[in-house]
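Here the structure is laid out as structure tokens; the discussion comes afterwards.
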Amino acid sequence: MAINHDEIKKKFSENIFWLSIPVLALDIVIFTIFNDKLCVVLTTRPKEPEKGKLILPGWVIKSGFSLEENFDDILLRKTWIDGVYKEQLYSFWESDRDPRWHIVSIAYYALVDKDQFLKDADFTKIQLVEYDKLGEVELGFDHKSIIEYAKKRLNWKLEYTTIAKNILPIKFTLTQLQKAYEIILGYDIDKRNFRKKIISLKILKETGDLEKVRSNMAKLYEFSDKELKIIGIL
């Protein structure tokens, strides 16, 4: 798409200055499961361009600091969430993705379990939107594309790693584990085959605790390894 720089300069002349090199920014796609729905953490754009639209938490990268330090700073300032699992996702380079100047976004995605999210998140700063309802809200810039790409990456990682541990509580039932997979992937999984496969992989261990589920008591499990493990789950 061709950019009319003269028109853009006139429209935003009071807000920006022009640079001969791209500006580096960092955007974060934060996933959590809330009310049995996969949700994304968004903020409201306070000014033009895209004023009033929902956007990803993000900011211009500060020089003199690592990407991890920039991530932690942006996450805390924009959401008040801290200590999440994160992975660098992709760099979005398109020159017309922001009308002010050429901004390159180094995108990350992050996972946080519901309990930590509810304990930490500042709801005066963020909104929680169901992934399946993103089409019903106005998203700014190219952030819908970034979120969709992050969702694809999450789906892939669910199939061959233990990444689900980062969106679950530390202790969980096998039903909760299967439900998390179904919520993220968007389809039902055969209960018997799933449990048989999970147990055979020896990636879980019993905690010795029980949780009441309806009229029964269900065993609580946790992942055996703290670190992400590469293994065929599905």
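Scanning the range 99-139 for residues that are modelled with pLDDT under 95 and in contact with a Gly (Cβ under 9 Å, 6 or more places away or on another chain) yields a total of 2. Being in contact with a strand residue (DSSP E or B) (Cβ under 6 Å, 6 or more places away or on another chain), touching a residue at least 40 places away in the same chain (Cβ under 8 Å) and aliphatic (A, V, I, L, M): is that true of Ile74 here? So Ile74 passes the test. Of everything listed in (1) farther than 30 Å from Ser91 by Cβ; (2) modelled with pLDDT of 95 or more, the single unmet condition for Asp142 is (1).
Test Ile189 against the stated conditions and say whether it is β-branched (Val, Ile, Thr) and out of contact with any strand residue (DSSP E or B) (no Cβ under 7 Å at 6 or more places or on another chain). Yes; evaluated as a whole, the condition is true for this residue. Checking Pro169, Pro99 one by one, the residue that is out of contact with any strand residue (DSSP E or B) (no Cβ under 7 Å at 6 or more places or on another chain) and in the same structural domain as Leu204 (by TED's automatic domain parsing) is Pro169 and no other. Are any residues in the range 75-86 β-branched (Val, Ile, Thr) and part of a helix (DSSP H, G or I), and if so, which ones? Matches in the range 75-86: Thr79 only.
Of the listed requirements (1) touching a residue at least 60 places away in the same chain (Cβ under 8 Å); (2) on the phi > 0 side of the Ramachandran plot, Phe223 misses just one: (2). Being in a helix (DSSP H, G or I), acidic (Asp, Glu) and under 24 Å from Pro46 (Cβ atoms) is a property that Asp72 has.
Of all the numbered requirements in (1) of a type in the set (Lys, Arg); (2) exposed (fewer than 15 other Cβ atoms within 10 Å of the Cβ); (3) at pLDDT 95 or above, Lys78 misses one, and that requirement is (2).
At least 3 residues being buried (at least 17 other Cβ atoms within 10 Å of the Cβ) is the threshold, and among the helices (runs of 4 or more DSSP H) wholly inside the range 101-217 those reaching it are 143-160, 174-185.
The values are calculated or read from the model by the stated rules, or taken from the named source; none is laboratory data. Owing to the predicted nature of the structure, the values given are computational and were not obtained by experimental measurement. Please note: Cβ atoms are built from the backbone with ideal geometry, for glycine as well, and neighbour counts cover all protein chains shown.
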